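S.K.: Before anything else, here's the structure in question.
The values are calculated or read from the model by the stated rules, or taken from the named source; none is laboratory data. Predicted, not measured: the structure shown is a model, and the values here were computed from it. Every residue, glycine as well, gets a Cβ built from its backbone with ideal geometry; the counts of neighbours run over all protein chains shown. To get the accessible areas, we keep the full protein, side chains included, count just its heavy atoms, and leave off ligands, DNA and RNA. Shrake-Rupley method; radii C 1.70, N 1.55, O 1.52, S 1.80 Å.
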Amino acid sequence: MSLLAGDDHRLLAVRAVDLVSAMAPSDLVLEAFRQEHPSLKEDSCAGTTVAVQEIFGSMVNILYEDEMGPSKRYLQRLLLKFISVVVGEDRTESEALMQLLLKGLSIRNSFPDANECCHVSFRIQRLRHEIPLRIRIFPQHNDVALRMWEAGAVLSEFFVQCGGLLAGRKVVELGAGTAVTGLVAAGCCKASHVHCTDFTQASLDNMKHNVAINEPWLRQKRPKEEPQSVISSGYLEWGEFGNGIDENLNPEAAVNPLLVPSADHLIQGDTLIAADVVYDKAILSPLVRTIWYFLTATTSSPHEKTAIFATTIRNQSTFQLFQEQLHSQGISSQILLSRKECGNLQLVFPMNFIQPRSDVVIYSLHLQRKPTK
Ligand SMILES: C[S@@+](CC[C@H](N)C(=O)[O-])C[C@H]1O[C@@H](n2cnc3c(N)ncnc32)[C@H](O)[C@@H]1O
């Protein structure tokens, strides 16, 4: 019997080492490892030679020693799973596995540290090259901006597949979190510029870090005559758009000077993107106000102003309320990818998410008419 269920078979083309680098669920890693080492019989320890144990141990060890590698806590859990499912407790004869188990003792016996960070890596296949995307996350932190979420992964996968949507566009991202989707938009979709926004200092610092570590491959993709970076980041709190900016949409009138650069990007931008920002009824109203601000501001861009959002439907009534508030502001919404279609997108980010991808929906927003007061 295979460890994989349903759609997860799409992952079999991904190498085990790439799955570990992306902190994929351990079952998927083990299945991919089995595929690469046919001497391992399914659901059986028979054939688990010391040599194969050594190969698994070395793979994990290389990533364990990598300062920009996945979480050590994750690697230890993976190792224990490999031993319990594939090797069998009393058959751990490999020196490499034993060394790793010893290294992890202190980690396994300690409380998780909220400030503990690690990196997840993904290889994005393009027509003629491969993009090595790397993102720093804080898996134990309670700031939601410091992790990756399924909607951000799904929206990024949608852009990888339909990159033409953003070609030549000036993109602004709301609630960008780790900036993963912004980096995909900037690096894979030929957007002319991407401005990622969020509101906590920790998320802004982390976004800067993530842009910086991806700058080498981003720079290679820029024409020599255009040296300036195609991606920037800045503060933007949706609440600021409740009453902080006057009706003339003049960024100079912003109460908070920190907001001015991002407000300016909202005016100049032609495409607004956001993933997993519709989850709290209390902040829907300022969010809608920010979207309205963007859609109604006059830009010099030749493109029509449009917004592309991905939402994980955790609570149907929250999503419904958002739709109603958009409608009352004269903003129409159109489904681009249904939940089923999101669940079937080509996987680029095989991480271990809480919600299934088939809970995500992707839609576009347009201004239809002047809002009703
Ligand atoms: C669930 S996370 C999604 C992060 C990222 N887009 C992703 O999909 O991985 C929600 C994001 O919205 C941001 N956010 C929440 N409330 C906000 C507000 N009032 N103003 C600006 N950003 C906000 C959070 O800081 C966080 O980055």
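S.K.: How large is the helix-only mean residue ellipticity at 222 nm for the chain, computed as the sum of -39500 (n - 2.57) over DSSP H runs with n ≥ 4, divided by its residue count, in deg cm²/dmol to the nearest 500?
M.R.: -11000 deg cm²/dmol
S.K.: Using a 1.4 Å probe on the protein heavy atoms only, what accessible surface does residue 289 show? Give it in Å² to the nearest 10.
M.R.: Per-residue accessible area (residue 289): approximately 70 Å².
S.K.: Of all the accessible heavy-atom surface of the chain, with the other protein chains kept in place and a 1.4 Å probe, what percent is carbon and sulfur?
M.R.: 54
S.K.: What net charge do the residues around residue 212 carry, taking every other residue with its C-beta under 12 Å from that of residue 212, with Lys and Arg at +1 and Asp and Glu at -1?
M.R.: Charge balance near residue 212 sits at +2.
S.K.: Let me ask you something else. Relative contact order of the range 139-367: what whole-number percent is it, with Cα pairs under 8 angstrom and at least 6 residues apart?
M.R.: Averaging sequence separation for qualifying contacts and normalising by length gives 22 percent for the range 139-367.
S.K.: Sticking with this structure for a sec: Mind checking the per residue accessible area of the range 266-373 for me, 1.4 Å probe, whole number of Å²?
M.R.: On a per-residue basis, 44 Å².
S.K.: Tell me the Kirkwood hydrodynamic radius of the chain in angstroms, computed as one over the mean inverse distance between distinct C-alpha pairs.
M.R.: Answer for the chain: a Kirkwood hydrodynamic radius of 22.1 Å.
S.K.: If you don't mind, another one. Calculate one ³J(HN,Hα) per residue across the range 94-100 by plugging θ = phi - 60° into the Karplus curve 6.51 cos²θ - 1.76 cosθ + 1.60, and present them in order as whole Hz with x for glycine and proline.
M.R.: 7, 4, 4, 5, 4, 4, 5
S.K.: Moving on. Residue-wise, which Karplus ³J(HN,Hα) couplings in Hz belong to the range 157-170, taking 6.51 cos²θ - 1.76 cosθ + 1.60, θ = phi - 60°, and x for glycine or proline?
M.R.: Whole-Hz 3J(HN,Hα) from phi for the range 157-170: 5, 4, 5, 4, 6, 10, x, x, 4, 9, 4, x, 8, 9.
S.K.: Taking amide H positions as placed 1.01 Å from N in the peptide plane, with prolines and chain starts having none, which residues 5 or more places from residue 69, or on another chain, fall under 5 Å of its amide H?
M.R.: 119
S.K.: Would you give the gap between the C-alpha center of the range 152-230 and the C-alpha center of the range 271-339, rounded to a whole Å?
M.R.: 20
S.K.: Right, another one. Give me the extension gain from residue 80 to residue 215: residue separation times 0.36 nm, minus the current Cα-Cα distance, reported in nm with one decimal.
M.R.: Extra length from residue 80 to residue 215 when fully extended: 45.0 nm.
S.K.: Can you give the angle from 0 to 90° between the axis of helix 72-81 and the longest principal axis of the chain, with both taken from C-alpha atoms, to the nearest 10?
M.R.: Between helix and principal axis, roughly 50 degrees.
S.K.: Pairs 72/340; 81/103; 72/208; 72/221: which are spaced more than 27 Å apart, C-alpha to C-alpha?
M.R.: Going by Cα-Cα distance, 72/340; 72/221 fall outside the 27 Å limit.
S.K.: Would you mind calculating the gained length between residue 162 and residue 283 on full extension (0.36 nm times residue separation, minus the Cα-Cα distance), in nm to one decimal?
M.R.: Full extension from residue 162 to residue 283 adds 40.6 nm.
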